[in-house]
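The values are calculated or read from the model by the stated rules, or taken from the named source; none is laboratory data. This one's a predicted model, so the numbers in the text were calculated from it and none came from an experiment. For neighbour counting, all protein chains shown are included, and Cβ atoms are generated from backbone atoms with ideal geometry for every residue, glycine included.
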Amino acid sequence: MAKVYYDHDIQEEVLRGKKVAIVGYGSQGHAHAQNLRDSGYDVVIGLREGNSWNQAVQDGFQVKSVKEASEEADLIMVLLPDEKQTKVYNEEIKPGLYPGKALVFAHGFNIHFHQIVPPENVDVFLVAPKGPGHLVRRTYTENAGVPALIAVHQDVTGDARDLAFAYAKAIGGSRAGVLETTFKEETETDLFGEQAVLCGGLTSLVKAGFETLTEAGYQPEVAYFECLHEMKLIVDLMYEDGLKGMRYSISDTAQWGDFVSGPRVVNEETKERMKELLKEIQTGQFAKAWILENQANRPVFNAINESEKQHPIEVVGEELRKLMPFVSSKKEQKEAVANA
Ligand code: NDP
Ligand code: MG
Ligand code: MG
């Protein structure tokens, strides 16, 4: 089994006294910044003027341009959207990335696919929480944490790995467990997970079930509860006690259906499709399409995004959730779906 590191395995001294620039104050940015501050670290936020800037000021942080923040910090954590990082890095971070500093990421995409090529005289590593930012913050305040991955791409100071562990501890990651990986493994498994299982696989499964029921004449409200709403209840059980724990709670009829019918829906052919997705991630084909899509101002992304909002499951769901205010007030759940 892979070694899992907890708080007591990690020394923080190497990070103490260092100035940390958090570039971006969105989902991950606000959580890293606030957790680091509460762990006693000196944090400066790098941003452009706008909503995030105002929020960071309101939260009591020192906020500067990305260029100024990068210039004065020892460690620069890049928490911008992945597709915007290359431009901001080249124009505003690189000029202040002096020898011996550390350039840090929460996802390996731009390093692994060579969109950002840092100078050879800096440390480059990643600390990737395996959960949305609002949970990274909330769990920290509850004396818990979200598990995290760390990986080292370049180590010039000899401290890169220790710095990564210390940073993971400072944001609460080692309360839940920290695993060591590589940029390649983090990037490829993160992309595969969100495409095949967590986001893409899940939304397609939910929609296909909903469409099958409604096309057969069943009420959309019933289909919504059956195919979407109940999903959370089942996932919570899996999260707590694995597949076995979930199966313990459902009826034997449901469990029999699970055993004999599940593998007919997600079958060998589905797995072949998953292997195709993985291949396209590994070869860089997926990354290339997404980079070009952004360079073209996202025509395909925007078209699909608009049509997905019109899907009958969204229309009926919107109405049903108005009557269940307890479900939609949970910001981090919405975010988990948007950003996994
Ligand atoms: P968000 O989209 O939530 O936040 C992006 C931040 O960057 C905002 O504060 C935004 O400010 C700022 N920003 C955007 N463009 C610029 C610019 N040109 N100059 C300065 N600031 C800018 O990003 P996430 O937190 O989701 O993602 C950050 C990183 O974390 C990514 O690498 C992602 O892969 C990784 N990650 C994300 C997870 C998640 O669940 N969200 C989980 C694990 C890793 P403004 O208000 O001005 O737009
Ligand atoms: Mg049932
Ligand atoms: Mg991701």
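Matching residues to (1) more than 16 Å from ligand 3 (Cβ to nearest atom); (2) free of Cβ contacts under 8 Å to residues at least 40 places away in the same chain; (3) on the phi > 0 side of the Ramachandran plot:
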{"position": "Phe192", "(1), (2), (3)": "no, no, no"}
{"position": "Ala196", "(1), (2), (3)": "no, no, no"}
{"position": "Lys207", "(1), (2), (3)": "yes, no, no"}
{"position": "Thr212", "(1), (2), (3)": "yes, yes, no"}
{"position": "Glu215", "(1), (2), (3)": "yes, yes, no"}
{"position": "Gln219", "(1), (2), (3)": "yes, yes, no"}
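Just one of (1) under 28 Å from the mean Cα position of the chain (by Cα); (2) more than 24 Å from Val315 (Cβ to Cβ) trips up Phe225, so point out which.
Unmet condition: (2).
Could you list, in sequence order, the residues of segment 286-318 that are part of a helix (DSSP H, G or I) and among the charged types (D, E, K, R)?
Listed by number, the residues that qualify are Lys288, Glu293, Glu306, Glu308, Lys309, Glu314, Glu318.
Hey, any hits in segment 265-277 for a residue that's assigned to a helix (DSSP H, G or I), in contact with a helix residue (DSSP H, G or I) (Cβ under 6 Å, 6 or more places away or on another chain) and closer than 29 Å to Phe109 by Cα?
yes
Kindly check whether there is at least one residue in segment 205-223 that is farther than 30 Å from Leu15 by Cα, touching a Ser or Thr at 6+ places or on another chain (Cβ under 6 Å) and not hydrophobic (A, V, I, L, M, F, W, C).
So far as segment 205-223 goes, yes, one or more of its residues are farther than 30 Å from Leu15 by Cα, touching a Ser or Thr at 6+ places or on another chain (Cβ under 6 Å) and not hydrophobic (A, V, I, L, M, F, W, C).
Quick check on my filter: what residues within segment 163-180 are within 12 Å of Val4 (Cβ to Cβ), of a type in the set (Gly, Ala, Ser) and not in a helix (DSSP H, G or I)?
Gly177
Against the condition in contact with a Ser or Thr (Cβ under 6 Å, 6 or more places away or on another chain), in the same structural domain as Gln34 (by TED's automatic domain parsing) and not in a helix (DSSP H, G or I), how does Ala151 come out, does it pass?
Taking the combined requirement at face value, the residue satisfies it.
Restricting segment 186-220 to residues that are farther than 22 Å from Gly262 by Cβ and among the polar types (S, T, N, Q), which is nearest to ligand 2 (Cβ to nearest atom)?
By that ranking, first place goes to Gln219.
Quick one: which residue in Val178, Val146, Val197 is within 16 Å of the chain's Cα centre (by Cα), exposed (fewer than 15 other Cβ atoms within 10 Å of the Cβ) and within 16 Å of ligand 1 (Cβ to nearest atom)?
Going through Val178, Val146, Val197 in turn, just one is within 16 Å of the chain's Cα centre (by Cα), exposed (fewer than 15 other Cβ atoms within 10 Å of the Cβ) and within 16 Å of ligand 1 (Cβ to nearest atom): Val197.
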